[in-house]
Amino acid sequence: MAAASGLKPILKGLSFALVGLLIGAGLGLLFTSLTNRPSTEPVIVLGYVFALLGWLLGVGLWDAWGREWVGLPVQGEAGHDWRRFFRFTTDHKIIGVQYLVTFVVVMLLAGIASVLMRVELMAPGKNILGPNEFNTTMSLHGIMMIAVAVATIIGGFANFLLPLMIGADDVAFPRINALSYWIIPPVAVLLLLTPFFGGFDSGWTAYPPLSVINAHGQLLFLLAFLTFGVSSILGGLNFLTTIIKLRAPGMTWGRLPIFVWSIFAAALISLTATQFVAYGLLMIILDRVVGMSFFRASEGGNPLLYEHIFWFYSHPAVYIMILPAFGIALEVLTHFSRKPLFAYKWVVGAFLGIVGLSFIVWAHHLYTSGMPNSLHIPFMVTTELISIPTGVVFLAALGTIWMGRLWLTTPMLFAIAFVFNFLIGGVTGIFLADVPTDIQLQDNYFVVAHFHYTIMGGEIFAIMAGLYYWFPKVTGRMYHEKLGKVHFWSMFLTYNVTFLAMFWAGIQGMNRRVADYIPDLAGINLFVSIASFFLAASFLILVYNLVRSWARGTVASASPWRARTLEWQTSSPPPLENFPHPPVVVGHPYDYGVPGSVHAAPAPVGGGSEDER
Amino acid sequence: MNRHALIVLLLWLLLAVVGEFLVVRLAPGMFPVVAAEEGEIVDNAFTFLMILAVPVLAFVLATLLYSLASFRSRGTPSQDGPPIHTNRPVLFVWFLATIGLTALMIVHPGITGMRELADRADREPDLVVKVETMRFGWRITYPEQKINTFQELVLPVGKHVRFEVTSLDVLHAFWVPAFRMKIDAVPGMVTTVHATPNRTGGFQNDPNFRLQCAELCGIGHSVMQVPVRVVEQKEFDAWAAQQSKLARRSN
Amino acid sequence: MHRTELPSKMRLGFIVFGVLIVIEIIEYVLGVNMKGGAWPLLAVLAVIGAWPIVQYFMHFTQLWRREE
Amino acid sequence: MVEATASHPVHDRLSINRLGLWLFIISDSFLFAALLSSRFFLQGVHRPAELNQPLGLVISIILVASSLTAYRSEMAAAHGDQRGFRNNILMTIGLGLLFIIGVGVEWREAFTHFPPSTGFGTIFFTLTGVHASHVLSGLILLGIVLFLGRKGRFTSGSYWGVEGAVKYWHFVDVAWVFIYPTLYLVS
């Protein structure tokens, strides 16, 4: 009974979505009958668009927002128990938890997909998945992990922490924030439905013409990705505005915690570049549904257009993933080395430099695509230039650890492992940026290993560091330190064994996205598969630790790490209004070891009280 | 400070020397068989990049390992570390090193390697092979010999070959692992790639002699491959003659 | 912004409108009559046309200029 | 887009809303940049002879005129002239509808000369279609503003709804300033 009332907004959203689905599908049928195009795709598109609108209105958009637009008073939400996590709430901390939990679940699902793939690849020939099933599994693994990589930090960590770290009471647009979360569940539903619509065998990159001619599952994927893009744009907009406008008094640009800077940089990319992938996906949808000719060669269409548009987003997108990971890693390294962040200003400059460069490197994904050879050298040069700002980040990491008082807790171990893994990811990136070597390595397991080193070894390790580091702040309880260390060592070792072996497979000529391979590669593939099973198992320790500690961990103090940044200056978990007395920032966040230095002082009582809601 | 730095320096040198030794000793045996002059350029570039990468890896590894060993605190640290905010000489050296390395790898093997490959591409080919791809097969045409086949790619050794690649349906990619050369097959477009096979061999003896699709094209992607055979010119001529006879007979 | 009189604001609107109309007609004449190579000129004219809208209609500088 | 709850102690709501809207506009202009670049990538500066250039000029002038009335309505609202504000919003909506009708006429012609399945038709219908969808959403926003304005929601001191909708409308106009020559005039 209680559960039903708690899930009321979701049930309402679902029923509205059903109504929308029927209306949209009806319109779609009307459209197909008028245009004599015998196709189910317009029905899917319109049905989905209306179902999405229905879902959003039902789940809370109408009550919290829509009513205002027709001149009615809005209805607020209430509740402090578990039900608040299932509502369209505007509290950034709840939205942060919603994001984090959602994407940890998505990560585990995508992890299961990867285990299925590795079972299939254990031996040549068919093991458990047919070719189409394999391709769908591989594509689902790809897009779900991309979503995890894009949204876990910006959506989860930044939502929970960024307003706290800059001393604000919420983000700039709390309702847009809620909207950008509640847009995500339909994405997950669509993706999980793709196997029932014939799957999609195009990978997450969805290159046309393949993605124009294959099963309806592809269309579901395109709509899902497009919807996710909308969420990503809204998130970027929200964080930029929040950082620019809502900093506490005294929180100058030079005093922003490095994590906030990294989100600022990533949000710039997410705000702008995402429009390009949205347009790329729209082109495929138009080709499929309305029969346009973006990619039909006989009408002057050209698949290279999609590749350019797609990578104009998707290369900067890896910096949406990795910049916040730099932020988390540097944040953790600083606090657990008990030393100021080395070369803070240079790191900020490096972040912004990476943002700038990220927009002019995209065509290094296209060295073997048949684009004009004259473009090879310019893109090779810009791509390799990225190693200079990235080098600054490494210098900062090493300079911070140097001579510190290293407190080797679980988050610190993950942050150090991040440096190691990302180093390998970065160095192998050079091999792919250089045209001569890339001609051989393009679309090869070397690429697979490389981007897993940057995204998994880099970002996911940083996410792990962040999960453990901020766990007491989010839940008010400590995680189990011993289990955390067991998780770290098992994950670190199995991870490296798995993916170092993949470099070898790539050099030996294993090309990527294949369900089958020549028998000569059987040994290395069996090795990778077995290692990957252990890697997958290590996540069970994480899940057990998180669930157990959230339920029964020891109660955490406000600042268990004695860290200086603002989120630790309020209770764990923080109250609804974040700071009982709005803080005033008076010093740098990382001045460890500077005698008498203070980052923030609570505002004088008289000044603060009138601002409380 | 100086003592720490000195130890890291020595550790770095040690790791770097061992690493370079391993690269130089092991690199030649790392790669699968290479059967084209262009492939050797690619492998040399790869080896050179490994030689460049080793000192970088060794430096970060030495610093990390030494810091972990000597700066770790037992339990909760009771006091903070020294408040070092930045260090101009270190930054200067670091920028010098990263900019220098970046410039080096752009010039060599990046630009020089590309130049070598481009020079070969400009050369007049001894043989032109047209490759049309479709899900999930290859139609290989020898215009001069007026033959075509779906079965295998046969090439004479020592001859500079230009492949003119196009696709009849979706994106594919022409890739022969033993040649290290790759180019996408794009519908509506002819892309070219070159190879000069310098070693005879065939798929039976070495699976790297295969023409493999390297761009995801659907359910048959992983099995979209045909054998490659590199033979002496005489043998190639005989094969071509036999093929054209077969073609006439079937007409 | 509230300080200046409404009529002068309205006059400004008409001036911007007039400029835009002139630009569009020039563009049209160029586009219809030039056989090729018109696009760089058109690109410049489009930027010149977009600027007054952004500046005077959308008050772009409002973003960093504090009013009142 | 309109966000009016939770006043923050440090910064005023209005400047936050403005920044948010501008960021949205910057984001959206990347979409139009992608659209324009695909025109040149696929079709170069090719332009079919059947393209109705005079009609293009007419609807461009209509849209620019609607920007003028939108500007006038915002200024009127800022000075508390409720009548002027409402009349100008109404005129803007009228001109916007006229623009949509113009696009509709063009589409009918285009279907016979270069349907969406052809190379140029693909570009033409996508560019005008994406732009028209922006016009439509602008019209909906202006409609809401008109409705709320009739209820007396906006005063000379508080008219963010008007300002936001009008800014968005101007942005749609700016986008057209670039689309118009790209589609109708380059050769």
(request) Grab the beta carbon distance between residue B:232 and residue A:127, set R0 = 41 Å, and tell me the FRET efficiency rounded to 0.05. (result) 0.50
(request) Could you state the orientation-averaged shadow area of the convex hull built on the Cα atoms of the stretch B:127-250, in nm² to one decimal? (result) 7.2 nm²
(request) Take the Cβ-Cβ distance between residue B:151 and residue A:540 as r, set R0 to 60 Å, and report the resulting FRET efficiency rounded to the nearest 0.05. (result) 0.75
(request) Could you work out, residue by residue across A:124-136, how many beta carbons of other chains sit within 10 Å of that residue's beta carbon, and then give the average as an integer? (result) 2
(message) Run the paramagnetic zone check for residue B:93: 7 angstrom along Cα to Cβ, then residues of the stretch A:395-437 with backbone nitrogen under 11 Å.
(response) none
(message) Apply the a/c threshold of 1.5 to the C-alpha gyration tensor of the stretch B:1-151 and tell me whether it is rounded, prolate or oblate.
(response) prolate
(request) Per residue of A:439-447, count partner chain C-beta atoms within 10 Å of its C-beta, then hand back the mean as an integer. (result) 6
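Would you calculate the convex hull of the Cα atoms in the stretch A:356-482 and tell me its volume per residue in Å³? Write down the numbers at each step before the final one.
Details: hull volume 16.6 nm³, N = 127.
Output value, Cα hull per residue: 131 Å³.
Whole-Å semi-axes of the protein assembly as shown's equivalent ellipsoid, largest first, each the root of 5 times a Cα gyration tensor eigenvalue?
Details: eigenvalues 444, 350, 150 Å².
Ellipsoid semi-axes (Å, largest first): 47, 42, 27.
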(request) Pairs of Cα atoms under 8 Å, at least six residues apart: use those to get the relative contact order of the stretch B:127-250, whole percent. (result) 28 percent
(message) Between helix D:160-180 and chain D, what is the angle of the helix's C-alpha long axis to the longest principal axis, kept within 0 to 90° and rounded to the nearest 10?
(response) 20 degrees
(request) Just the Kirkwood number for the stretch A:89-577, please: inverse of mean 1/r across all distinct Cα pairs, in Å, one decimal. (result) 22.9 Å
(request) May I ask you to list the lysines whose Cα is less than 20 Å away from that of residue B:234, ignoring any residue fewer than eight positions away on the same chain? (result) B:146, B:159, B:245
(message) For the pair residue B:79/residue D:105, report the inter-label distance in nm, with labels modelled 7 Å from Cα in the Cβ direction.
(response) 8.5 nm
(message) Per-residue counts of other Cβ atoms within 10 Å, averaged by peptide: what ranking do you get for C:43-49, B:89-95, A:101-107, A:87-93, highest first?
(response) A:87-93, A:101-107, C:43-49, B:89-95
(request) Please work out the C-alpha center-to-center distance from the stretch B:179-251 to the stretch D:85-104 and express it in whole Å. (result) 63 Å
(request) Would you work out the relative contact order for chain D, in percent, from Cα pairs under 8 angstrom that are 6 or more residues apart? (result) 32 percent
(request) For residue A:12, list the lysines whose Cα falls under 24 Å from its own Cα; do not include residues on the same chain fewer than 8 positions away. (result) A:93
(message) Given an 8 Å cut-off on Cα distances and at least 6 residues of separation, report the relative contact order of chain A as a percent.
(response) 13 percent
(request) With the Cα gyration tensor of the stretch A:492-613 in hand, convert its eigenvalues to equivalent ellipsoid semi-axes via √(5λ) and list them largest first in whole Å. (result) 51, 19, 14
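Summarise the partner chain shielding of D:115-125 as one whole number: the mean count of Cβ atoms from other chains within 10 Å of each residue's Cβ.
5
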(request) Specify the inter-centroid distance of the stretch A:269-289 and the stretch B:128-150, based on alpha-carbon positions, in whole Å. (result) 36 Å
(message) What distance in nm lies between label points placed 7 Å from Cα along the C-beta direction at residue B:246 and residue A:19?
(response) 6.8 nm
(message) At R0 = 41 Å, how high is the FRET efficiency between residue D:83 and residue A:555 if r is their beta carbon distance? Nearest 0.05 is fine.
(response) 0.05
(message) If you average the alpha carbon positions of the stretch A:44-115 and of the stretch A:422-448, how far apart do those two centres end up, in angstrom?
(response) 39 Å
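No value in this document is a laboratory result; all are computed from the given coordinates. This structure is a prediction, so every number in the text was calculated from the model and none was measured. Counting neighbours? That spans all protein chains shown, and the Cβs are built from the backbone with ideal geometry, glycine included.
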